[in-house]
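**Q** A single structure is presented below for examination.
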């Protein structure tokens, strides 16, 4: 009789676990980066004070990098992003640097920084909402977005050889 009671409890436990696993499999899937596959839209200010919306680039491959002037690994990634921009801009790649600088006049700090280290792609100033939408917890944080607005790759931190690492992905998406 005791064995039957234990078997019944085991059966109920297995059923409960099965229901929980089934329910979990029905939730919306997220990419490995923690960002849903669809890239969240945002509108940010550019260096001239104009507004730039990510939705305006739908139909093009977009490379976003969240960075800051005070971040040494971010400084290392700039030449790599300049190279990617030069190589693929005529084929439709959009590179957007999203600065997390927020002290005082962020635009002035970025302009001053760009005199020392040229950035040839557009730079936007984060309002903290964009970085939150993309769950940015460390920088540099890079997101590759396909023509349909899906995040297909995320790179956290600076990776030497970034140009070559991303070239195959960009070629495939263009």
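**Q** Of these, 88, 134, which one is crowded, with 18+ Cβ neighbours inside 10 Å, out of contact with any strand residue (DSSP E or B) (no Cβ under 7 Å at 6 or more places or on another chain) and closer than 21 Å to residue 54 by Cα?
**A** Selected residue: 88, the only one of 88, 134 that is crowded, with 18+ Cβ neighbours inside 10 Å, out of contact with any strand residue (DSSP E or B) (no Cβ under 7 Å at 6 or more places or on another chain) and closer than 21 Å to residue 54 by Cα.
**Q** Let me ask something else about it. Before we move on, is residue 76 at negative phi and part of a strand (DSSP E or B)?
**A** Considered against the rule, which asks whether it is at negative phi and part of a strand (DSSP E or B), residue 76 comes out as no.
**Q** Tell me yes or no: at least one residue of the range 107-117 is touching a residue at least 24 places away in the same chain (Cβ under 8 Å), farther than 19 Å from residue 138 by Cα, in contact with a helix residue (DSSP H, G or I) (Cβ under 8 Å, 6 or more places away or on another chain) and exposed (fewer than 15 other Cβ atoms within 10 Å of the Cβ).
**A** yes
**Q** Are there any pairs with C-beta distances below 7 angstrom linking a residue in the range 133-158 that is at positive phi to a residue that is in a strand (DSSP E or B), with the two at least 6 apart or on different chains, and if so which?
**A** What qualifies is 149/38.
**Q** Would you check which residues across the range 150-174 are crowded, with 18+ Cβ neighbours inside 10 Å and closer than 19 Å to residue 56 by Cβ and list them?
**A** If the condition is that a residue be crowded, with 18+ Cβ neighbours inside 10 Å and closer than 19 Å to residue 56 by Cβ, then 151, 173 are the ones that fit.
Quick note: the coordinates plus some simple rules give every number you see, no bench work behind them. Note that the structure is predicted; figures quoted are calculated from it, not measured. Cβ coordinates were reconstructed from backbone atoms using ideal geometry, including for glycine residues, and neighbour counts include every protein chain displayed.
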